[in-house]
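Asker: One structure is given below, represented as structure tokens, and several questions about it will come after.
Nothing in this text is a laboratory measurement; each read-out follows from the coordinates by a stated rule. Nothing here was measured: the structure is a model prediction, and the numbers come from that model. As a convention, Cβ positions derive from the backbone with ideal geometry for all residues, glycine included, and neighbour counts pool all protein chains shown.
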Amino acid sequence: MSPLSIATLIVIVVAVVVVIAVVSGLLVTRRRRRLQQHFGPEYDRLVAERGSNRAAEAEFRKRERRARSLDIRPLSDVARQRYTNQWAAIQERFVDAPAEAVAASRALVTAVMAERGYPTEDYDQVLADLSVDHQAAVDHYRAADEISADSASGAASTEDLRLALLHYRELFRDMLGGPADAGAAPAAGTGRQATRPEPARASPVPAQTPAETRPAATGEGAGADRRANGSVDRMPRS
């Protein structure tokens, strides 16, 4: 082989390597952007926890694979109304027994998740599973559970408990799902599967929920939910 042919071959090999590197870089950037947009604040939190984007992204892909293997299903209209009525009773109970109401709200949220098909035995795994299609709910769950732990040790004030109940309420609304929600917050965005409710975008829990922003509901359960929502939102703060 002549020196010119060798030089040409080297140039071709180098060009191919550069093209492969550029394409690989673009694919990595595209995957990273998709994960950042999909997981939102959870992406930054996990990157900080794992120490690198690569480690965090490997975990997110693992979560997505696990989510596809779960049998997640929407609630029936009957179950949705039953849970809505139970939540209304819990919110009314808060006035007289805030700590007990918060504990009951956590138990109710867990029951809803279990009926929808989410494993609920391992707390960290629950957070990981929720992060795939219920990104906004993860932050609410963490905040509520932190206050619940303070409540168990007697370190939570009435205002802390009120905030915990509001966090659990946002998680409850997100998990309730479905177009016929009675008292559930409207969802935004799109889920991965048509059978799953659309995940809500992350938003701070308001101290008060304006009446005009709540979806209309009918029947006895709707009236109970309106009364209960008002009792928590307008509760005196200590």
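Asker: Where does each of Ser24, Ser157, Ser69 land when they are ranked from fewest to most other beta-carbon atoms within 10 angstrom? Kindly include the intermediate steps, with their values, before the conclusion.
Answerer: On the way: Ser24 10, Ser157 14, Ser69 6.
Fewest-to-most Cβ neighbours within 10 Å comes out as Ser69, Ser24, Ser157.
Asker: Now for a separate question. Pick out, from Ala67, Tyr118, Ala136, the residue whose Cα sits farthest towards the positive end of the charge dipole of the stretch 37-166, with +1 on the Cβ of Lys and Arg and -1 on the Cβ of Asp and Glu.
Answerer: The one lying farthest along the dipole's positive direction is Ala67.
Asker: Moving on to the next point. For Asp71 and Asp96 in one chain, what is 0.36 nm times their gap in residues minus the Cα-Cα distance, to one decimal in nm?
Answerer: 5.1 nm
Asker: Turning to a different aspect of this structure: What does the charge add up to near Ala164, with Lys and Arg as +1, Asp and Glu as -1, over the other residues with Cβ less than 9 Å from its Cβ? Before the final figure, lay out each step's value.
Answerer: Working: positive: Arg106, Arg162; negative: Asp145, Glu146, Asp150, Asp160.
Around Ala164, the charge tally is -2.
Asker: Here's another thing I want to ask about it. Starting with the fewest neighbours, write out Tyr168, Tyr83, Tyr123, Tyr43 ranked by other beta-carbon atoms found within 10 Å of each beta-carbon.
Answerer: Result, fewest neighbours first: Tyr123, Tyr43, Tyr83, Tyr168.
Asker: Ranked from highest to lowest mean number of other Cβ atoms within 10 Å per residue, what is the order of the peptides 70-79, 144-153?
Answerer: Peptide ranking by packing, descending: 144-153, 70-79.
Asker: Let me ask something else. Which of the peptides 29-37, 124-132 is most tightly packed, and how do the rest follow, judged by the mean count of other Cβ atoms within 10 Å per residue? Could the numbers behind the result be given before it?
Answerer: On the way: 29-37: 13.2, 124-132: 19.0.
Per-residue Cβ counts within 10 Å, averaged per peptide and sorted highest first, yield 124-132, 29-37.
Asker: Given a Förster radius of 25 Å and the C-beta distance between Glu115 and Glu49 as r, what FRET efficiency does 1/(1 + (r/R0)^6) yield to the nearest 0.05?
Answerer: 0.25
Asker: Let me ask something else about it. Given a Förster radius of 41 Å and the C-beta distance between Val17 and Arg61 as r, what FRET efficiency does 1/(1 + (r/R0)^6) yield to the nearest 0.05? Write down the numbers at each step before the final one.
Answerer: Numbers: r = 26 Å, r/R0 = 0.64.
Once rounded, the FRET efficiency stands at 0.95.
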